[in-house]
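For reference, the structure discussed in these notes is given below.
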Amino acid sequence: MKKRIAGALVLAMAASMFTGAMIAQANEDISGEIEVGGWPSGDDAFKAAMEGFNEAYPNIEVELNFTDTTAHHQALQTSLAAGSGAPDVAMVEGAYIAQYKNSPALTNLRDFGVDDYKDDFGEFKWNQAISDDGTRMVALPWDLGPTLFYYRADVFEEVGLPTAPAEVDELMSTWEGVLEVAEKVSIPGKRWFLPSAAYPYQWMFINRDYYDEDLNLRLERDGDLECLQACLDIRNNGWDMNVDMWSAEAYAAYANGSCVCVAAGSWFSGFLKTDIDPDGAGHWGATRLPGGLPDTNWGGSFLVIPEQSENKEAAWAFVSYMLATSKGQNDMFRAVDYFPAYEPAWDDAPELYTDLDPYFNPAQDPAPNAIATEIAANVPTVYNTIMDTTAEGYLYSSFNAGAEAGETPEQIRDRLAADIEAACAELKEQQIQTLKDAGVWEE
Amino acid sequence: MKAAAKKNRFLHALYEYRVAYAYIAPFFLLFAIFNLFPMVYGFFLSFFRWDGMSAMHFIGIENYVNLLKDVLFWKAFKNTLFMGIIAHIPILLGGLVLAYILNSKLVKGQNIFKTIYFMPMVTSSVAITIIFSNLFGYNYGLINWFLSLFGEAPINWLGGDGSLIRVAVIVMFAWKWIGWNMVIYLAGMQGISNDIYEAAEIDGANHVQIVFRILIPLLKPIILFTLIQSTIGMFNLFTEPFVLTGSSWTGGTNNGGLTLMIYLLNKAPQGGTAYGYASAVAYVITVFIVIISFVLNNTMTDKDPYEGKKKRRKSA
């Protein structure tokens with residue numbers, strides 16, 4: 001009898017080992033409940049990848065707690081300062097990362113061996129998450145925003161312009177070419193080239209590299225005055241709608257073909273498909289930024305683990321599964337078009353990146369994501385500060401003010417510098433103090 | 001000796017009325033945690049430079065000095081005051097007129113109108129702003145479409161040189177607060193005894209006389225209350241101009257729609273991490289509110305025709 005029981009036990013053990021091997025190294029040691037906070041459509045992304053996560057970590061329960069971007073960041077800031085109330089894992093938008101990278105209220109991911117993944121992420125995003133003194137890394141990059149120039153290929157075709165991305169890129173590689181296209185597609189008062197003429201100038205800075213490491217404002221760069229002149233030409237000819245690109249008016253105009261071009265991070269493909277122009281299959285094309293502007297990045301988020309989390313192990317399991325496995329990243333990419341910062345994901349499911357996208361115009365070859373992959377490889381490293389979001393607002397409003405006052409490109413640039421310096425004076429003092437605290441600021 | 005006796009008496013009172021104190025304790029506890037502590041701590045913070053996370057650095061009154069020297073702060077102050085004062089004309093008059101009409105029983109369905117006019121106060125300001133940005137849109141806006149019927153060129157309300165954004169904000173602010181004021185005035189009017197009106201009518205007073213001699217003087221304390229409320233609302237103006245300008249910390253072209261609250265939140269916690277400075281801004285705004293409330297209180301109560309009589313009666 002005893003022998004039989006022993007035999008059955010051995011069999012059971014063997015069977016369990018076998019099934020254990022079958023469900024690909026599920027980690028049952030880490031358990032508990034974690035709360036994940038962020039803004040849409042991050043929740044859709046996590047839901048899409050949750051099945052895979054549950055298989056890998058069957059004993060971790062995840063609760064999603066999502067709100068809008070601004071409310072999320074405000075709540076996160078306050079709960080970090082207060083020392084309680086923060087979720088176990090929180091999303092942080094690229095524009096805000098400078099506010100968080102030195103924060104002692106966030107867990108140093110190096111304690112969990114984050115450096116093992118260093119080669120899997122582009123330098124650009126990786127460095128954004130490292131503290132100014134270089135000792136800590138508090139955030140893991142989720143997605144990139146390789147900047148694409150989106151255009152209504154149907155309108156291009158209608159006015160006799162090329163529609164294939166390579167040809168559009170070639171035609172618009174100089175500002176003369178850009179103005180030529182702008183003139184051809186625009187019909188005064190009815191159809192416009194861009195939502196606002198301020199944007200080509202904003203594209204030069206969309207990486208958010210307004211300041212250098214000595215916190216000098218660096219607005220002067222190659223070709224900036226030519227770019228500004230082109231912006232003024234677009235405005236003065238009435239080729240732009242003269243509205244914010246995120247306004248309800250601009251959204252309506254993208255959908256009905258009245259606003260022909262707009263640039264954004266490649267996540268904008270998802271915006272077009274689900275929100276702006278869901279019935280617009282075949283309308284759009286996408287290529288590199290015009291005017292000979294360099295490849296650049298626009299936005300993209302991170303995940304952080306607040307120091308106050310009571311289950312950091314489970315939180316890290318979640319973060320590392322979602323952001324540092326090909327399956328996690330690609331499941332999310334498929335769902336919401338967040339372009340993975342985790343580079344092995346690009347090769348793991350190449351069809352996601354290279355297959356033609358049926359939503360886009362038939363002439364769209366290569367696919368927007370294939371172009372985005374090329375751009376992602378060229379994005380330079382930048383230095384971020386807490387002044388960035390404020391400075392960004394002035395690129396738009398100071399241009400408008402200057403254009404309204406009939407200023408020259410030089411005058412607009414001077415006006416912009418003065419406006420940013422005035423608005424950021426106090427934030428800069430705070431940034432200097434933060435750098436001093438980190439021991440990396442020399443007077 | 002005396003102090004000990006005093007302390008004893010205090011403890012004794014505390015013990016004697018322990019049930020009563022227990023009943024009122026929840027309010028004071030919650031007030032202390034959620035109101036008193038943040039107020040005191042915010043004042044304390046305003047003398048520091050602090051990013052909300054690392055060490056705090058005492059810098060004396062530097063935050064206040066920098067603040068009072070900042071051109072943008074005064075621009076925001078002027079914008080806020082300008083928009084608030086202009087908006088108060090329709091808020092006060094509109095609220096009073098609407099309340100008077102509803103109270104006069106000329107209109108049926110008082111409660112329906114009350115609810116409809118009150119709606120803007122409880123609707124999400126983000127949703128309201130989206131509707132208004134459609135109204136004030138440059139290329140597709142309803143208002144510009146209306147102007148185009150008369151052959152007028154479209155006006156860039158939210159862009160241009162930035163001055164017209166104030167019009168949009170004033171309209172939204174007034175639209176939101178008229179209903180609130182109306183409901184309060186209506187309640188006030190219903191509290192005035194009908195005998196007074198009847199007496200006035202018998203004495204031969206006409207409608208205008210009734211309004212200016214009876215209604216408004218008797219409503220004064222209520223008008224004062226609504227004025228202080230909407231003044232606080234004015235200093236809190238944020239979502240409307242912020243969303244109308246595309247969530248930009250500039251407040252639009254030439255800072256046309258920059259309000260004090262946008263200015264404050266730009267420093268912390270939404271636009272930056274200058275918590276000490278933001279606390280100083282909050283305190284200066286509080287001082288403004290106190291000053292305005294004080295002035296309102298004084299000017300309005302001094303004109304009270306019954307005030308003098310009351311005092312005389314007391315002294316007699």
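The values are calculated or read from the model by the stated rules, or taken from the named source; none is laboratory data. Just so you know, these numbers come straight off a predicted model, no measurement behind them. Here the Cβ positions follow ideal geometry from the backbone for every residue, glycine too, while neighbour counts run over all protein chains shown. Protein only, heavy atoms only, side chains kept; ligands, DNA and RNA dropped before computing areas. Shrake-Rupley method; radii C 1.70, N 1.55, O 1.52, S 1.80 Å.
Averaged over peptide A:382-395, the number of partner chain Cβ atoms lying within 10 Å of each residue's Cβ comes to 3.
Principal axis extents of the Cα atoms in the protein assembly as shown, from largest to smallest and rounded to whole angstrom, are 100, 87, 61. Charge tally around A:Asn400: other residues with Cβ under 9 Å, Lys/Arg +1 each, Asp/Glu -1 each, net -1. Excluding ligands, DNA and RNA and using a 1.4 Å probe, chains A and B jointly bury around 3300 Å² of accessible surface, summed across both partners.
Bins of 10 Å, beginning at zero and ending with the bin holding the largest distance: percent of Cα pairs per bin for chain A, please. Binned Cα distances yield the sequence 4, 20, 28, 24, 15, 6, 2, 1, 1, 0. Among the residues of A:249-258, the average count of other protein chain beta-carbon atoms within 10 Å of the residue beta-carbon is 2. Taken residue by residue and averaged, Cβ atoms of other chains lying within 10 Å of the Cβ of B:69-80 number 1. Think of the protein assembly as shown as a dipole: +1 on every Lys or Arg Cβ, -1 on every Asp or Glu Cβ, centred on the Cα centre; then among A:Pro165, B:Pro221, A:Gly85, B:Pro221 lies furthest on the positive end.
Across the stretch A:98-110, coupling constants 3J(HN,Hα) worked out from phi with the 6.51/-1.76/1.60 Karplus curve, θ = phi - 60°, read 4, 6, 10, 5, 9, 6, x, 7, 10, 5, 6, 5, 5 Hz, and Gly and Pro carry x. Peptides B:143-151, B:170-178 ranked from most to least packed, by the mean per-residue count of other Cβ atoms within 10 Å: B:170-178, B:143-151.
Every pair of different Cα atoms in the stretch A:85-134 enters the Kirkwood calculation, which places the hydrodynamic radius at 12.0 Å. Using a probe of 1.4 Å on the protein chains alone, the accessible area found for B:Glu62 is around 70 Å². Beta bridges per DSSP, both residues in chain A: antiparallel share near 70 percent.
Let a ≥ b ≥ c be the square roots of the eigenvalues of the Cα gyration tensor of the stretch B:1-158; is it rounded (a/c under 1.5), or, if not, prolate (a/b larger than b/c) or oblate? Mind showing how you got there, number by number?
Numbers: a/c = 3.23, a/b = 1.54, b/c = 2.10.
In terms of gyration-tensor shape, oblate.
Note on A:Glu213/B:Val287: beta-carbon distance plugged into 1/(1 + (r/R0)^6) with R0 of 51 Å gives a FRET efficiency of 0.85. Roughly speaking, to the nearest percent, how much of the stretch B:63-315's 1.4 Å accessible area is carbon and sulfur? Here carbon and sulfur together make up 68 percent of the probe-accessible area.
Only protein atoms count toward the accessible area here, which uses a 1.4 Å probe; on the stretch A:302-443, the carbon and sulfur part of that area reaches 47 percent. Under a 5 Å amide H cut-off, with hydrogens placed 1.01 Å from N, A:Asp143 pairs with A:Ser301, A:Ala341 among residues at least 5 apart or on other chains.
The order of the peptides B:190-203, B:221-234 by mean Cβ neighbours within 10 Å, most packed first, is B:221-234, B:190-203. Could you give the distance between the Cα centres of the stretch A:317-358 and the stretch B:196-257, to the whole Å? Taking the Cα centre of the stretch B:196-257 as reference, the centre of the stretch A:317-358 is 55 Å away. Give the distance, in whole Å, between the Cα centre of the stretch A:182-219 and the Cα centre of the stretch A:235-305. Value for the Cα centre distance between the two parts: 12 Å. A simple charge model with +1 on the Cβ of Lys and Arg, -1 on the Cβ of Asp and Glu and nothing else charged puts the dipole of the protein assembly as shown at about 5600 debye relative to its Cα centre. For chain A, the solvent-accessible area works out to 39 Å² per residue, with a probe of 1.4 Å and every protein chain left in place. Under the convention that each Lys and Arg Cβ holds +1 and each Asp and Glu Cβ holds -1, the size of the dipole of chain B around its Cα centre is about 1280 debye. The spacing between the stretch B:1-58 and the stretch B:108-159, judged by their C-alpha centroids, is 46 Å.
Report, in deg cm²/dmol and to the nearest 500, the calculated mean residue ellipticity at 222 nm for chain A, where each DSSP H run with n ≥ 4 adds -39500 (n - 2.57) and the sum is divided by the residue count.
It comes out at -14000 deg cm²/dmol, rounded to the nearest 500.
Distance between the modelled labels on B:Val211 and A:Thr408, one decimal in nanometres: 5.9 nm (7 Å Cα→Cβ projection). Under 19 Å from a label point 7 Å along Cα→Cβ of A:Arg110: give me every residue in the stretch A:133-153 with its amide N that close. Only A:133-141 fall inside the zone, counting backbone N under 19 Å. A Cα-only calculation for the stretch B:63-315 places Rg and Dmax at 21.4, 69 Å.
Annotation for A:Thr174 and A:Ala82: the two label points, set 7 Å from Cα along the Cα-Cβ direction, are 6.0 nm apart.
Residue ranges B:35-43, B:272-280 sort as B:272-280, B:35-43 when ordered by packing (mean number of other C-beta atoms within 10 Å per residue, highest first). Using the Cα centre of chain A as origin and beta-carbon charges of +1 (Lys, Arg) and -1 (Asp, Glu), tell me which of A:Tyr201, A:Ile305, A:Gly402 is placed farthest towards the positive end of the dipole. Value: A:Ile305. Residues considered: A:Asn330, A:Asn108, A:Asn236. Largest GNM mean-square fluctuation over chain A, using C-alpha springs under 10 Å, is found at A:Asn236. DSSP bridge analysis restricted to the protein assembly as shown gives an antiparallel fraction near 70%, rounded to the nearest 5.
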